[in-house]
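Novice: What follows is a structure written as structure tokens; I'll ask about it next.
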């Protein structure tokens, strides 16, 4: 089951008997591969006063249990012993969270926000990028499969050029666009409904007027209107008489 780098990065570290050792401070990647190799473990202060040295813990000696990272095998799990066994230098391992990210062509795509990895193998399976809080709110974020990752070049996580063209998810701009489109559609539909209603009402009015005109009262009213019209015309006179 894939694990979030951020979630594991907040886990308590306990031994196989459940005794708390410390807390994960950082998740560490191999310097040359997209692989989680270990963790920085922050230990509680001695007598709650003195800081204690952080320790390096190898991933392959641990398992995830709920919100805890359990050291299942203490042998070769820590610090120098783990480094020798794994053939790596902890000082060269890389913290990807917060690391700048850019395409092979040099286009910035923000920073690494989070990632998903398989705990048993350490393999990265997904990665998320952020442009910062303001940009995330306004534009959104990118969450992509690990196949877009090419390498770490010592300064940044390098990704495929196609990432720059991939649209972000969420963000106020996208939400506003969707809301504007929805409002436009709703307004169009409301306008159509209003026009249809008005047309129906007008047609009903004409029909009702015709029906009323065919009644005795209606015929009398129409006759009176015709008489009134004739009287008005006579009173105004024929335009030809004013020459």
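Novice: Considering only residues of the stretch 15-43 that are more than 10 Å from residue 57 (Cβ to Cβ) and over 33 Å from the mean Cα position of the chain (by Cα), which is surrounded by the most Cβ atoms within 10 Å (Cβ to Cβ)?
Specialist: Restricting to residues being more than 10 Å from residue 57 (Cβ to Cβ) and over 33 Å from the mean Cα position of the chain (by Cα), the top hit is 43.
Novice: Next question, about the same structure. List the strands (runs of 3 or more DSSP E) inside the stretch 69-160, counting only whole elements, that have at least 3 residues being over 21 Å from residue 59 (Cβ atoms).
Specialist: By residue number, 100-103, 108-118, 142-145.
Novice: Another question, if that's okay. For residue 107, only one of the following conditions fails: (1) closer than 20 Å to residue 164 by Cα; (2) in contact with a strand residue (DSSP E or B) (Cβ under 6 Å, 6 or more places away or on another chain). What is its number?
Specialist: (2)
Novice: Failed condition for residue 171, given (1) over 25 Å from residue 14 (Cβ atoms); (2) modelled with pLDDT of 95 or more; (3) touching a strand residue (DSSP E or B) at 6+ places or on another chain (Cβ under 9 Å), with all others met?
Specialist: Residue 171 satisfies every listed condition except (2).
Novice: For the stretch 44-65, which residues satisfy the criterion of being surrounded by fewer than 13 Cβ atoms within 10 Å (Cβ to Cβ) and either within 30 Å of residue 147 (Cβ to Cβ) or touching a strand residue (DSSP E or B) at 6+ places or on another chain (Cβ under 8 Å) (or both)? Before the answer, list the steps.
Specialist: Our first condition is that a residue be surrounded by fewer than 13 Cβ atoms within 10 Å (Cβ to Cβ); within the stretch 44-65, this holds for 44-53, 65.
Those that are surrounded by fewer than 13 Cβ atoms within 10 Å (Cβ to Cβ) and either within 30 Å of residue 147 (Cβ to Cβ) or touching a strand residue (DSSP E or B) at 6+ places or on another chain (Cβ under 8 Å) (or both): 44, 52, 65.
The values are calculated or read from the model by the stated rules, or taken from the named source; none is laboratory data. Values in this document were obtained by computation on a predicted structure and should not be read as measured data. Positions of Cβ are backbone-derived with ideal geometry, glycine not excepted, and every protein chain shown enters the neighbour counts.
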